[in-house]
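The values are calculated or read from the model by the stated rules, or taken from the named source; none is laboratory data. Every value quoted in this text rests on a predicted model; they were computed, and no experiment measured them. Neighbour counts are summed over all protein chains in view; Cβ atoms, including those assigned to glycine, are modelled from backbone coordinates with ideal geometry.
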């Protein structure tokens, strides 16, 4: 899923303080699952903002909406009836959601209330870790199911480097060395020999280096 | 066809202590009518006077008081305080009992326990049990049941003045004693005992020196509801003591005048508890020291309590029975002179306070009662029962529990109470076709979609509310709140008159929501919920606003602010109740079959009792025959023939047409919910798989006879366990008769780091075998090497007898264990004797090891995983509450009996078997399983299937269903609300505590700001 964390209150307050009527929009997908921007976070942020402005002697009108998915125009269309009553939109979705709203409602300022962080998986309740960088050319098949792009600090394709100590990365003793993990896993699979195969330099054009990416499925697109 | 007269469906319970209350509740829950009488004006007995209870050190009132109000609520219980038995005629199933009720001078129906009378006349007279000065109109403690006062007429000089203060007219100056005849099927005797008054002894200074108190008086001093409000101070000068000493066995285990010979069983633990609680509160500031003879911590996990007390809390224990206590007149300090085994000299120490651990005594009144009941008492004045019928008295149809049977602590009283209730209930023929519990309430009207019409009723509760604020002002204000259709001040809202008026008003004004401004929902919610149901409204449409506890009691000195707060509280109540909606309590039909796991003495007793009530019982035993460990025991300490009892019991079980015995069978899977379980077993030599549907499960899987490889056990066949010796005495008496010298070693494999608990049964089995061996050969020399002799209760009589017959008891310390050697001429035991201060070398024809019991770890572990049940550290099953629910397990529908719970004797296992059956009956008496209404509900449209609820639920209830959203089975939900709080999509609501209700209350609270 795409993970996010809420922005600091001061930053959010600074964005919305010029406005009297805010449409606060959550998303019931990834940000809900990572407890950053679902219905509950929307309600909490709404109360927090109202309390803040009440203390300032200002009443602010906040309408709370949580869409099934903010990155789909059909769902975003549900906001159309409420736009007239709003001076600005505050979105708790990931960057995709914020932009979908901005694209649909050109005349209304849209502010992000969360920082979109990474594509990750939940380790356990309340803990998420980065697992994928969307490089566009997956190597997991040859690295024992552990991604050196997302999980090695240096994105080494032929690790480990000299900074690997007792299975941990030199940047932080709490960070696992991805290449140690790859080695352990290959060993468990009986594929130790593979560590000696040199992985050729990666073609980064499939990643961000080739500019903004787009998928067009001719069979689906109309 | 039931030919018995209507009255004979009733059971009379005599005595309203914890035992009597438990028995009455069990019977009532099993759909029997109960009359519960107590000579006192409030039920509760001794336990309500204790400060904290071992081994959890919980405050007692918190644990016992809900039980008390529970019994007050039970419709099937007719509670008669201040009532005694005059005469009993008839036979089991058909008794006529004449009872006499003393005048209370207060009408229970009218009294609301407001406390006006106690306030006005507190000092007229003193009511002084120990250190407890109380008023003439006295409730023993705030949660008393019945929730009403009583008047001591002898002390009252002016009844008119007393009548004058009572606003509800509950004072009845011309109250007279009443006599009536009850027609009952069975009687449960639960009169308990008194505590010994040490003032009759001249050596300890009780009653003479102010700083010498009894254990119970010390409890009262420590108790928050006691005379010093929980301040530990000594009576002479009100100063906190720095050194407190306890003297054990005061009046017990003695042969002198005023002593009783038996052991009171509870004093070691209560002295330890008092010392530990003292240490918990004052740590280094107070030194504690206990003088004892044998430390008898034989109950479940009690040995660990002792270890903790000594090692962690620094409670000092000294083995010595001091002769006397001497007061230093100037200081009030007390000196104790004592001697210890390892030191030839006397020592004297000075204490600020001395606590005398006094035990149980049967009062004269109980002896007289026994005569009126026509039951036999044993030589000590306790009700006589037989070895294999532990709760049956000598008169059929009369059963006994608690301390009236023998000295015992609270958990054992609870076990026995449920057993006595089960046995008494078995005297009653229950018509299986009896129509289901009649609904006395009219059908509920559908209020959904109706605009809320809220009725607000405000109590003044005497001075409690009305004394601080003006209720009429509240009522005026409430009229202005939205949706309020009617409001009125109702005086004492919980009185019958007010309730009747409110019911009429609800109907007259078509009210569909009600707010009560009054006292605590904890005590009164059910009462008002019932009132709504009588008006045809769902019981969840009432909101109780606790003005008394949360406002007028705490802001007594600020009436204006208190008035304002009460208004706000009522406003919150009104806003909240507008959002309330009718809730349905879920229910499912109950499966009435019973699964009993384990065919030993406990399991078989439970099975027989339940089958006798017409229930189908599946008895699963892993061995190829029934009997368990008791099959290897030949005789009890009291000399009863165990072999014969076991073969009779086994035959009865096997011949019972309602019991299906499944031998060589093991449990392999399990699912379902309380009241509707499905358990898979593999049975017979071919391990055939079958499934059993059952409503309850009784676990009686027993324990194992311990055989640790110590002291040449298993290497030399002259080294035996007590069980081996028990059999040898019976099977080969000649070889036993030929022995000249025998040594027994106690605590082998128990009370040591690997198995820290006491096995409870070994001291009595050693003495049992010693006495039987002495009977075979009176010249035989028997030495029992021991650490403490734990012959609790009447077992002490046999300990005394053994010493009289010349059995030698030699103490050893764990750091100086005896040593057993095999030589050509026989066995030789080396032991260190503390008194002689040297090593002894004793030759022996046989060495008998008291190896006790250990948990059947493998079995309990397997079953605890299958059934989701907790175990204690040493592998026994862990009951739901070690004090009050010793037979119930934490998963409803599971009950525990016998040595799977903790080591116990055959007699104790029989009791718990019957107790488990009794507890099971309380569940099986119901046709439906009520699942309550406060459960979490998922709105599938909002759910994002994030799994947070799945991970957060402590009971593993939510799951993502086939439609892809979270689903919560109301039958399994415990209503804790964790998922509702954590749900990031706000898709989960906890019924009765929904967000919109809480937010509406906040709207009410902050109405001014919105």
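So here's what we get for this one:
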{"item": "Within the stretch B:927-937, tally of residues that are crowded, with 19+ Cβ neighbours inside 10 Å and either touching a helix residue (DSSP H, G or I) at 6+ places or on another chain (Cβ under 8 Å) or within 11 Å of chain A (Cβ to nearest Cβ) (or both)", "result": "1"}
{"item": "Sole residue being more than 30 Å from residue B:952 (Cα to Cα) and assigned by TED's automatic domain parsing to the domain that holds residue A:6, chosen from A:192, A:107, A:196", "result": "A:107"}
{"item": "Any hit, the stretch B:518-540, residues being in a strand (DSSP E or B) and crowded, with 21+ Cβ neighbours inside 10 Å", "result": "no"}
{"item": "Any strands (runs of 3 or more DSSP E) falling wholly within the stretch A:54-142 and containing at least 2 residues that are more than 14 Å from chain B (Cβ to nearest Cβ) and farther than 26 Å from residue A:18 by Cα", "result": "A:114-124, A:127-132"}
{"item": "Inter-residue pairs, beta-carbon under 6 Å, first more than 8 Å from chain B (Cβ to nearest Cβ) and closer than 17 Å to residue B:945 by Cβ and in the stretch A:31-46, second part of a helix (DSSP H, G or I) and modelled with pLDDT of 95 or more, 6+ apart", "result": "A:37/A:31"}
{"item": "Counted residues, the stretch A:1-30 - those being more than 26 Å from residue A:72 (Cα to Cα) and within 13 Å of another protein chain (Cβ to nearest Cβ)", "result": "0"}
{"item": "Residue check, residue A:123 loosely packed, with under 11 Cβ neighbours inside 10 Å and either modelled with pLDDT of 95 or more or within 17 Å of the chain's Cα centre (by Cα) (or both)", "result": "yes"}
{"item": "Enumeration of residues in the stretch A:52-61 that are under 20 Å from residue A:7 (Cα atoms) and modelled with pLDDT under 95", "result": "A:60"}
{"item": "Selected residue (criterion: farthest from residue B:457 (Cα to Cα)) from residues of the stretch B:549-588 that are surrounded by fewer than 23 Cβ atoms within 10 Å (Cβ to Cβ) and touching a strand residue (DSSP E or B) at 6+ places or on another chain (Cβ under 6 Å)", "result": "B:588"}
{"item": "Residue among B:982, B:995 that alone is at the interface with another protein chain (Cβ under 10 Å from one of its Cβ atoms) and crowded, with 17+ Cβ neighbours inside 10 Å", "result": "B:982"}
{"item": "Scan of the stretch B:308-335 for residues that are over 25 Å from residue B:208 (Cα atoms) and part of a loop (DSSP other than H, G, I, E, B), ordered by number", "result": "B:312, B:313, B:314, B:315"}
{"item": "Test for residue B:916: is it touching a strand residue (DSSP E or B) at 6+ places or on another chain (Cβ under 6 Å), more than 14 Å from chain A (Cβ to nearest Cβ), touching a residue at least 60 places away in the same chain (Cβ under 8 Å) and in a helix (DSSP H, G or I)", "result": "yes"}
{"item": "Candidates B:831, B:775, B:802 - the one that is surrounded by fewer than 16 Cβ atoms within 10 Å (Cβ to Cβ) and at negative phi", "result": "B:775"}
{"item": "Single residue of the stretch B:76-90 satisfying the filter (under 11 Å from residue B:39 (Cα atoms) and in contact (Cβ under 8 Å) with a residue 60 or more places away in the chain) that is surrounded by the fewest Cβ atoms within 10 Å (Cβ to Cβ)", "result": "B:82"}
{"item": "Among the residues listed as B:942, B:904, B:1001, the single one being under 30 Å from residue A:33 (Cα atoms) and away from chain A (no Cβ under 14 Å)", "result": "B:1001"}
{"item": "Conditions (1) modelled with pLDDT of 95 or more; (2) closer than 30 Å to residue B:723 by Cβ; number of the one not met by residue B:882", "result": "(1)"}
{"item": "From B:907, B:892, residue being in a helix (DSSP H, G or I), out of contact with any helix residue (DSSP H, G or I) (no Cβ under 6 Å at 6 or more places or on another chain) and either under 20 Å from residue B:389 (Cβ atoms) or modelled with pLDDT under 95 (or both)", "result": "B:907"}
{"item": "Total residues in the stretch B:949-974, condition out of contact with any strand residue (DSSP E or B) (no Cβ under 9 Å at 6 or more places or on another chain), within 14 Å of chain A (Cβ to nearest Cβ) and either free of Cβ contacts under 8 Å to residues at least 24 places away in the same chain or in a helix (DSSP H, G or I) (or both)", "result": "3"}
{"item": "Residue satisfying condition, being surrounded by 12 or more Cβ atoms within 10 Å (Cβ to Cβ) and touching a residue at least 60 places away in the same chain (Cβ under 8 Å), within set A:139, A:175", "result": "A:139"}
{"item": "Any chance residue B:920 is buried (at least 22 other Cβ atoms within 10 Å of the Cβ) and over 30 Å from residue B:764 (Cα atoms)", "result": "yes"}
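To keep it simple, each residue is scored yes or no on (1) surrounded by fewer than 20 Cβ atoms within 10 Å (Cβ to Cβ); (2) under 30 Å from residue B:721 (Cα atoms); (3) under 28 Å from the mean Cα position of the chain (by Cα); (4) assigned by TED's automatic domain parsing to the domain that holds residue B:872.
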position: B:608; (1), (2), (3), (4): no, no, yes, yes
position: B:630; (1), (2), (3), (4): no, yes, yes, yes
position: B:682; (1), (2), (3), (4): yes, no, no, yes
position: B:685; (1), (2), (3), (4): yes, no, no, yes
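Conditions (1) assigned to a strand (DSSP E or B); (2) assigned by TED's automatic domain parsing to the domain that holds residue B:20; (3) buried (at least 17 other Cβ atoms within 10 Å of the Cβ), marked per residue:
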position	(1), (2), (3)
B:840	yes, no, no
B:843	yes, no, no
B:847	yes, no, yes
B:862	no, no, no
B:866	no, no, no
B:887	yes, no, yes
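Matching residues to (1) touching a strand residue (DSSP E or B) at 6+ places or on another chain (Cβ under 7 Å); (2) in contact (Cβ under 8 Å) with a residue 60 or more places away in the chain:
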{"position": "B:213", "(1), (2)": "yes, yes"}
{"position": "B:219", "(1), (2)": "no, yes"}
{"position": "B:234", "(1), (2)": "yes, yes"}
{"position": "B:238", "(1), (2)": "no, no"}
{"position": "B:242", "(1), (2)": "yes, yes"}
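Residues are listed down the side, and each one gets a yes or a no for (1) at pLDDT 95 or above; (2) exposed (fewer than 11 other Cβ atoms within 10 Å of the Cβ); (3) in a loop (DSSP other than H, G, I, E, B); (4) under 26 Å from the mean Cα position of the chain (by Cα):
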residue	(1), (2), (3), (4)
A:149	yes, no, no, yes
A:153	yes, no, yes, yes
A:184	yes, no, no, no
A:222	no, yes, yes, no
